[in-house]
Amino acid sequence: MRIKKIALHNTLVIFSFWGLVACSSVNTTDDMYEAENTIQTNSAVYNCNEKPLAILFHADQAQLSWQKKEYQLTQAVSASGASYLGEGVSFWIHGDEAQLELRSMKKFQCQLVRIES
């Protein structure tokens, strides 16, 4: 009789465990979405060739506005500082200084004016 009680108890424990596991859900899509939304967006304003340049950073992407043109950039590997590349444009940042290079191979030295979070 004691063996039947132990077997019944073990069976109930196992079914209870599997019942809890089956009823629980793991929703990694929501977790990834929440993590993506918590990545901070920053913006900065630079003075390039006496003209304001605005750049908005979000994760590994950046949106650069200069002389009434918009550029979409993606962060690239850089030995020092941060480098962003887009179609016909590159923007390299090191400390308070930056360099803007356009398709025409013109390079502009830029100075940080302000950062906003």
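More than 22 Å apart: what percent of Cα pairs in segment 40-116 qualify?
10
For segment 78-86, in order, what is each residue's ³J(HN,Hα) by Karplus, 6.51 cos²θ - 1.76 cosθ + 1.60 with θ = phi - 60°, in whole Hz (x at glycine and Pro)?
Result, ordered by residue: 9, 5, 8, x, 10, 10, 10, 10, x Hz.
Near the amide H of ASN49, under 5 Å away, which other amide H atoms are found, from residues 5 or more places off or on another chain, if H is placed in the peptide plane?
Under 5 Å from the amide H of ASN49: GLN109.
If the chain between LEU85 and GLN63 were fully stretched, how many nm would it gain, using 0.36 nm times the residue separation less the Cα-Cα distance?
This chain segment gains 6.9 nm when fully extended.
State the extension gain, in nm to one decimal, for the chain segment bounded by LYS107 and ASN49, taking 0.36 nm per residue of separation less the distance between their alpha-carbons.
Using 0.36 nm per residue and subtracting the Cα-Cα distance, I get 19.9 nm.
Readers should treat all values here as calculations from the given coordinates under stated rules, not as data from a laboratory. Fair warning: this is a prediction, and the values are worked out from it, not measured in the lab.
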